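Notes follow the structure.
The values are calculated or read from the model by the stated rules, or taken from the named source; none is laboratory data. Everything numeric in this text was worked out from a predicted model, so none of it was measured. Here the Cβ positions follow ideal geometry from the backbone for every residue, glycine too, while neighbour counts run over all protein chains shown. Side chains are part of the model used for accessible areas, which takes the heavy atoms of the whole protein and leaves out ligands, DNA and RNA. Shrake-Rupley method; radii C 1.70, N 1.55, O 1.52, S 1.80 Å.
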Amino acid sequence: MLRHGRNLLLANPSFQKWAASFPLTRLVAERQSNALFDICSGFVYSQILLACVRLDLFTKLAGGPRPIVSVAEDLDLSFDATQRLLRAATALKLVDHLEGERYGLGELGAALLANPSIGAVVEHHALLYADLTDPVALLRGDVKTELSGYWPYANRKPGDPAPAGADVDEAYAAYSELMAQSQLDIAEDILDAFPPTGHRRWLDVGGGEGVFVSVLAITAPEVEAQMLDLPQVAARARAALQTRGMLSRVTVHEGDFFSDSLPKGADVLSLIRVLHDHDDEAARAIIARAHDALEPGGTLLIAEPMGGGRGSDRVSDAYFNFYLLAMGRGRTRSVAEITCLLEASGFSDVRAVASRRPMLANILVAQRV
Ligand SMILES: C[S@@+](CC[C@H](N)C(=O)[O-])C[C@H]1O[C@@H](n2cnc3c(N)ncnc32)[C@H](O)[C@@H]1O
C-alpha cells in the first residue's frame, strides 16, 4: 500500500519537478532517470555488441592494442565509423581505450572471446529482436515470430506427430548446437551443486546433444548416464558423443515425452531447461511421465532460470519470459510455482539447491512419493 502511494507520487509531474530541484530528492530523481535511460538504451547497447561480434572485433584486438587506422583497415570500415564503434564499445567495457589513441580488449570483450557460446547467443538474438519490434502485437499474439520457426517443437501440441523434412532437420541442428554450446557451464554448475555420487542411474530427459551426460559420465563414472530426446536430436547426440569418445559410456534413448513412457530404472531424473519451454498443461504431463519413470524415493532435478515470484527477477521474469513469448510457448516460473506443480504430481520434499550461476539455471530437487 505504502509502495503504491509512493509510486503514485512519483508518477506526478509536479512532484518530479519539485524532487529534481530539492537537494535531498535530486539524487533519487537522478538515480531513477539513469535507471530508465538504461532500460530504454538496452537495445542500442546490444546492437553495438552485435556489430562487434559480426565484425569479429575482439579476435582482431586479441593480439594487443592497435591504432584506429589499422583496425579500420581490418574491419573494412571508414576511420570515422571505426572510431565511433570503438568509443561505443569502450563505454560498454568491451574495449579499452589506451594511450596514443590505441584500442585493446576490454574486460567484457576478453570474457566474450573466452566464451564463444556468448557470441553465438548474441548472433541468435537478431531473431528475437526482430520478433520484439512490436511488443504489444507480440503480447496480443498477432505476430508470426521468427523464433517459433527456430524451435521446431515449439508449435507442437502434446501428441502431435513429429514434424519432418530437410528444413526441420536443419532447425533441430541449429537449436541443438546453440544449446550444446551453453550446456557445459550449466552441467558443471548442476553437478557441483548436486553431487551425483551415491546414485545408481541418472536419466537426463530432453538431453539435447548429450553434453550433460558426458560431463556426468566423466565426473561420476560409477553412475550409469542415460539421456532421452526426440529422434532427430537423439541422432545428433549419438554423433556428438561418438566424436567426444563418450558414446560407449552413456545410453541414448529416443522418444517423445508426450507420447512415449520414459525409460524406468533411474534413481535421478533431470529436466534441464525443459519445463519452461512448455505451458502448464504440458509441464504437468512431463512431470507425470517423470513420476511414472522413477521408483518411490527417486529424485527429480529441475534446472532452469526461475523467477523470484511477483515478477522480481530481471533475467527470468523479464528476459526469458519474453524470449519464450516470442518462441510461442512456455513461460518461466517461480520456485513456488514449480513447487506447486511438483507437489500436485506426487513429489515431496521440494528444495532449492544453491547454484553457482542462478542466471543460467536455478536448481530444484524433489523426491518421488
Ligand atoms: C531448450 S532445450 C534444452 C536442451 C538441454 N537440456 C540443455 O539444457 O541444453 C529442450 C530440449 O527438449 C527436447 N524436447 C522438446 N520436446 C520434446 C519431446 N516432446 N520429447 C523429448 N524431448 C523433447 C528438445 O529437443 C531439446 O533438446
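Tabulated values for the structure
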read-out: Qualifying residue in region 122-137 (condition: more than 11 Å from the ligand (Cβ to nearest atom) and either farther than 28 Å from residue 359 by Cβ or assigned by TED's automatic domain parsing to the domain that holds residue 269 (or both)); value: yes
read-out: Yes/no for residue 213 being within 21 Å of residue 276 (Cβ to Cβ), more than 9 Å from the ligand (Cβ to nearest atom), crowded, with 20+ Cβ neighbours inside 10 Å and among the aliphatic types (A, V, I, L, M); value: yes
read-out: Any chance residue 237 is within 30 Å of residue 161 (Cβ to Cβ) and in contact with a helix residue (DSSP H, G or I) (Cβ under 9 Å, 6 or more places away or on another chain); value: yes
read-out: Helices (runs of 4 or more DSSP H) lying entirely in region 53-147 (those with 2 or more residues that are free of Cβ contacts under 8 Å to residues at least 60 places away in the same chain and touching a helix residue (DSSP H, G or I) at 6+ places or on another chain (Cβ under 6 Å)); value: 57-61, 68-75, 79-91, 107-114, 116-131
read-out: Leading residue by the ranking (nearest to residue 271 (Cα to Cα)) among those in region 354-369 that are open to solvent by 20 Å² or more (accessible area, probe 1.4 Å) and within 23 Å of the chain's Cα centre (by Cα); value: 362
read-out: Hey, residue 222 more than 15 Å from the ligand (Cβ to nearest atom) and either of a type in the set (D, E, K, R) or within 18 Å of residue 182 (Cβ to Cβ) (or both) or not; value: yes
read-out: Any chance residue 159 is within 11 Å of the ligand (Cβ to nearest atom), in contact (Cβ under 8 Å) with a residue 12 or more places away in the chain and more than 27 Å from residue 243 (Cβ to Cβ); value: yes
read-out: Per-region count, region 171-226, residues more than 19 Å from the chain's Cα centre (by Cα) and part of a loop (DSSP other than H, G, I, E, B); value: 11
read-out: Check on residue 247, modelled with pLDDT of 95 or more, more than 10 Å from the ligand (Cβ to nearest atom) and open to solvent by 50 Å² or more (accessible area, probe 1.4 Å); value: yes
read-out: Within region 264-274, considering residues that are within 12 Å of the ligand (Cβ to nearest atom) and under 17 Å from residue 294 (Cα atoms), the one farthest from the chain's Cα centre (by Cα); value: 270
read-out: Residues of region 283-303 classified as under 7 Å from residue 368 (Cβ atoms) and assigned to a strand (DSSP E or B), total; value: 1
read-out: Residue match in region 179-199 (condition: modelled with pLDDT of 95 or more, over 22 Å from residue 357 (Cα atoms) and within 16 Å of the ligand (Cβ to nearest atom)); value: no
read-out: Matching entry among 292, 277, 349 (being at pLDDT 95 or above, open to solvent by 20 Å² or more (accessible area, probe 1.4 Å) and within 16 Å of the ligand (Cβ to nearest atom)); value: 292
read-out: Filter result for the condition that a residue is crowded, with 16+ Cβ neighbours inside 10 Å and either aliphatic (A, V, I, L, M) or in the same structural domain as residue 321 (by TED's automatic domain parsing) (or both), over 95, 69; value: 95
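Yes or no, residue by residue, for (1) of a type in the set (S, T, N, Q); (2) in contact with a Ser or Thr (Cβ under 9 Å, 6 or more places away or on another chain); (3) more than 14 Å from the ligand (Cβ to nearest atom):
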position: 253; (1), (2), (3): no, no, no
position: 260; (1), (2), (3): no, no, no
position: 285; (1), (2), (3): no, no, no
position: 297; (1), (2), (3): no, no, yes
position: 301; (1), (2), (3): no, yes, no
position: 316; (1), (2), (3): yes, yes, yes
position: 329; (1), (2), (3): no, yes, no
position: 334; (1), (2), (3): yes, yes, yes
